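Some notes on the structure that comes next.
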């Protein structure tokens with residue numbers, strides 16, 4: 001019984017209420033970091049960590065937190081975890097920290113984190129909140145990677161550019177789709193990803209949340 | 001009214017939670033401070049070695065290796081304001097002295113200057129860009145560039161850091177803009193003209209509006225202090241002998 005509920009929470013957060021193609025949240029970071037796979041992966045890991053930890057903390061404190069200041073408390077908690085990610089990257093992965101620059105700090109502005117804290121963690125127990133955070137983060141990550149891979153291949157002709165495992169997929173002589181690494185390319189790919197995912201998931205439009 | 005619903009509790013709760021997280025963050029900050037400082041020092045030293053092309057930086061390179069190399073082959077120089085006029089020194093300015101400029105010289109084993117480096121930087125698209133640029137002993141012919149700090153868009157403006165783009169600087173001229181300005185031209189159009197450098201398509205704000213402007217300002221400063229720095233670097237080499 002407990003297992004099926006966990007599965008339901010996971011599947012709902014991961015796919016049925018996917019933050020990107022259903023709720024259309026976290027779009028700033030989606031547009032900004034998806035021109036390179038490596039940056040996308042680090043942003044995904046950072047977001048999953050902050051999402052899981054903030055969900056767990058908000059859930060732990062849910063019976064103690066006065067309702068009138070709950071959003072201040074959530075912002076405080078999220079900001080603290082984002083600073084932890086920033087410090088850890090600076091100390092242990094300085095190259096990645098330098099490459100991501102301001103984007104790490106911008107995790108705090110990602111509406112998905114605040115959204116899950118407010119909509120789920122503030123009203124549920126710790127374990128379901130952990131699962132919800134993890135699944136939302138994974139749902140965000142999968143969609144971001146689905147956007148990042150074609151953008152990097154078409155824009156740079158590479159996979160994992162900027163890492164020791166970089167592979168040149170398209171010959172250097174190929175004309176690169178420069179627009180793919182620019183902001184308009186991100187909009188095109190995001191729209192395409194949303195269209196495909198909604199079409200695949202079925203019932204396109206039925207579950208629209210109307211959020212921005 | 002229950003305690004949890006009282007305003008006093010809200011204030012106290014927020015204060016305690018803030019204090020708790022401030023404590024946690026302080027502890028993490030303290031425990032990572034040395035490592036972050038070491039990383040920053042390593043990055044600064046690596047950039048200096050990289051801009052002079054004295055050694056290849058590999059994952060095995062340690063901070064100690066870089067420090068020894070810098071000690072043996074690189075001299076640091078400052079232009080300071082003393083009694084109302086600029087003076088060149090190889091001593092780091094202290095007390096009330098104001099540093100007007102800083103540059104470096106790399107020497108070969110015989111003590112001859114093989115290159116100079118000076119700071120470059122200015123306004124980028126998202127924030128300040130800073131780096132070092134090395135020139136041949138003639139003071140004009142660019143060897144390479146090493147960017148130390150920027151917040152440009154990964155995959156776009158941040159491509160100024162890629163080796164392929166840095167290589168485009170080689171052989172260009174860091175001339176005094178009063179004589180000849182360096183112009184940023186559309187990607188692929190620079191050809192052999194030593195006064196032109198390619199932009200990065202898609203990063204116009206970083207390369208044309210940013211780099212294209214600040215490099216010429218940096219070159220003007222460099223040429224203003226070059227005669228003093230050249231003399232200073234040569235005297236330091238003679239004193240070393």
| request: Take every Cα pair under 8 Å in the stretch B:49-178 that's 6+ residues apart, average their separations, divide by the length, and report that relative contact order as a whole percent. | output: 17
| said: Order B:73-85, A:35-47, B:24-36 from most to least packed using the mean count of other Cβ atoms within 10 Å. | reply: A:35-47, B:73-85, B:24-36
| task | Could you work out how far helix A:70-92 tilts from the main Cα principal axis of chain A, as a 0 to 90 degree angle to the nearest 10? | result | 40
| query | What is the spin-label model distance, in nm, from residue A:5 to residue B:53 if the labels are put 7 Å beyond Cα along the C-beta direction? | reply | 6.7
| query | Taking the simple approach of a point 7 Å from Cα along Cα-to-Cβ for both residue B:71 and residue A:174, what is their distance in nm? | reply | 5.0
| task | Assuming a ≥ b ≥ c are the square roots of the Cα gyration tensor eigenvalues, decide whether the stretch A:9-201 counts as rounded (a/c under 1.5), prolate (otherwise, with a/b larger than b/c) or oblate. | result | prolate
| What is the distance, in nm, between label points placed 7 Å from the Cα along the Cα-to-Cβ direction at residue B:163 and at residue A:75? | 4.6
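Pull out a ≥ b ≥ c, the square roots of the eigenvalues of the alpha-carbon gyration tensor of the stretch A:25-78, then state rounded if a/c is under 1.5, prolate if not and a/b is larger than b/c, and oblate in the remaining case.
Values: a/c = 4.68, a/b = 2.44, b/c = 1.92.
The shape class here is prolate.
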| query | Looking only at other chains, what is the average number of their beta-carbon atoms within 10 angstrom of each beta-carbon in A:30-36? | reply | 3
| remark: So the angle from the long Cα axis of helix B:212-240 to the longest Cα principal axis of chain B, reported in degrees to the nearest 10, equals 70
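Can you show me the helix-derived [θ] at 222 nm for chain A, built from DSSP H runs with n ≥ 4 at -39,500 (n - 2.57) apiece and divided by the number of residues, rounded to the nearest 500.
On the way: 8 runs with 130 residues, N = 212.
So the calculated ellipticity at 222 nm is -20500 deg cm²/dmol.
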| field | Within a Gaussian network of chain B (alpha carbon springs, distance under 10 Å), most fluctuating of B:121, B:111, B:95 | value | B:95
| request: At 20 °C and 1.002 mPa s, grab the translational diffusion coefficient of the protein assembly as shown from Stokes-Einstein with a Kirkwood Rh over Cα pairs, rounded to a whole number in µm² per second. | output: 85
| request: Report, in cubic angstrom per residue, the convex hull volume of the C-alpha atoms of chain B. | output: 206
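Quantify how strongly other chains surround peptide B:6-16 by giving the mean number of their Cβ atoms within 10 Å of each of its Cβ atoms.
Average per residue, whole number: 3.
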| request: Note the angle between two axes, namely the Cα long axis of helix A:126-156 and the longest principal axis of the Cα atoms of chain A, as a number of degrees from 0 to 90, rounded to the nearest 10. | output: 10
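If we sort B:141-149, B:61-69, B:220-228 on the protection proxy, mean other Cβ atoms within 10 Å, highest first, what's the order? Write out the running numbers ahead of the final one.
Details: B:141-149: 20.1, B:61-69: 14.1, B:220-228: 16.8.
Going by the mean number of other Cβ atoms within 10 Å, highest first, we get B:141-149, B:220-228, B:61-69.
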| message | Using helices alone, I'd like the mean residue ellipticity at 222 nm for chain B: each DSSP H run of four-plus residues gives -39500 (n - 2.57), total over residue count, nearest 500. | response | -13000 deg cm²/dmol
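Values in this text are rule-based calculations from the coordinates and carry no lab data. From a predicted model like this one, the values you see are computed outputs, not experimental measurements. Note that we place each Cβ from the backbone using ideal geometry, even for glycine, and neighbour counts take in every protein chain shown.
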